[in-house]
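Have a look at the structure below, then the notes.
Every number here is computed from the coordinates shown, using simple stated rules; none is lab data. Just so you know, these numbers come straight off a predicted model, no measurement behind them. Glycine gets a Cβ as well: all are built from the backbone with ideal geometry, and neighbour counts include every protein chain shown.
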Amino acid sequence: MKTLIKNMISFNFILCVFIIYSLAFSDNLYSRNQKANKLYKNKKYEEALKEYDNLCIEYPSEPKLKINKGSALYKLEDYQKAEESYNSAKEIKDKNILSNLYYNLANSQFMQGEKLSSQDINLAMEKYKSAQENYIKALDLKPYDKDAKYNLELTLKKIKLMEQQKKNQEQNQQKKDNKENKQDKNQNNQSQNQKDNKNNQKQDNQQQQQQNKENKDKQQSQQSQQEQKEQDMKKEAAAKLIEQYADDDKELKKNAEQKKGIGLPQKQEKDW
């Protein structure tokens, strides 16, 4: 792994050392660019970047300065800005320098893919595919570039790996969705069963209450009938008693009348 990374970041920068033509560049531009290149070689990348930045502002039509600026940004691991700086220098005509530009541009995109691979597979794949295209462009201009060939092969492996990871993620997501749908379905079924059970229980309770009411009404009815029967029996017994006593009274009166009629002696009192 260390070998792979080393090969990626030890790309063959050729810092643009300008051939000074009296009509094209001034001594000032040449000397300041040499100063910035020296800072770069001494790994003083922030200082070198400041010099390249100033030169780009003063000489905006010189694409080689933008390439050098992109190289300093790359060393500072600001790969996105390095990519922008390289892209702004594509109008260069020298095929050898243009090949190096595409190579460096591809490296910047590859490193962005590395950073994004653990965050967003889709964005990482976009950067790897862009790197692949630019490595191919570099090889079209310089077919013997072994570093470009190596990095192209590495990029193709990365793309294949990302595609497999994406496929696995999609399958896992599908399994997760299916599991959640199944759980939701089970929960819905369980809720429906609970609801049905509750409704059934409610109906049972209502039926039980209705049955209890009917039983109570029946019991009350039977009790009322029994009470009515008992009352009827009491009335009948009372009527018989009344009738009996009435007969006895008649008999007593009859006997009394019969006794009076046969001259039972009566006590007579004297008047004083």
Stretched fully, the stretch from Y144 through N87 gains (0.36 nm per residue minus C-alpha distance, one decimal, in nm) 18.2 nm
Across every pair of different alpha-carbon atoms, what Kirkwood hydrodynamic radius in Å does region 93-176 reach?
13.3
At q = 0.24, 0.25, 0.27 Å⁻¹, the log10 of I(q)/I(0) for region 42-123 from a Debye sum over equal Cα scatterers comes to -1.10, -1.15, -1.25
Over 18 Å between C-alpha atoms is what I'm after, so list which of K93/K129; K115/K157; K182/K202 land there.
K93/K129; K182/K202
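I'd like the FRET efficiency for K157 and K202, computed as 1/(1 + (r/R0)^6) with the beta carbon distance as r and R0 of 51 Å, rounded to 0.05.
E between K157 and K202, to the nearest 0.05, is 0.15.
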Mean projection area, nm², convex hull over Cα of region 24-76
3.1
Provide the FRET efficiency to the nearest 0.05 for the N96-I57 pair, computing r from the beta carbons and using R0 = 25 Å.
0.40
Between beta-carbons, use under 15 Å as the cut-off and find the net charge around Q209, counting Lys and Arg +1, Asp and Glu -1.
+1
In sequence order, calculated HN-Hα J values of region 108-121 (Karplus, 6.51, -1.76, 1.60; Hz; x Gly/Pro)
4, 5, 4, 5, 5, x, 4, 5, 7, 4, 8, 10, 8, 4
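Below 12 angstrom from the Cβ of A36, what's the summed charge of the other residues (Lys, Arg +1; Asp, Glu -1)?
+4
Could you pull out the pairs from K50/K149; K69/K158; K38/K75 whose alpha carbons sit more than 22 Å apart here?
K50/K149; K69/K158
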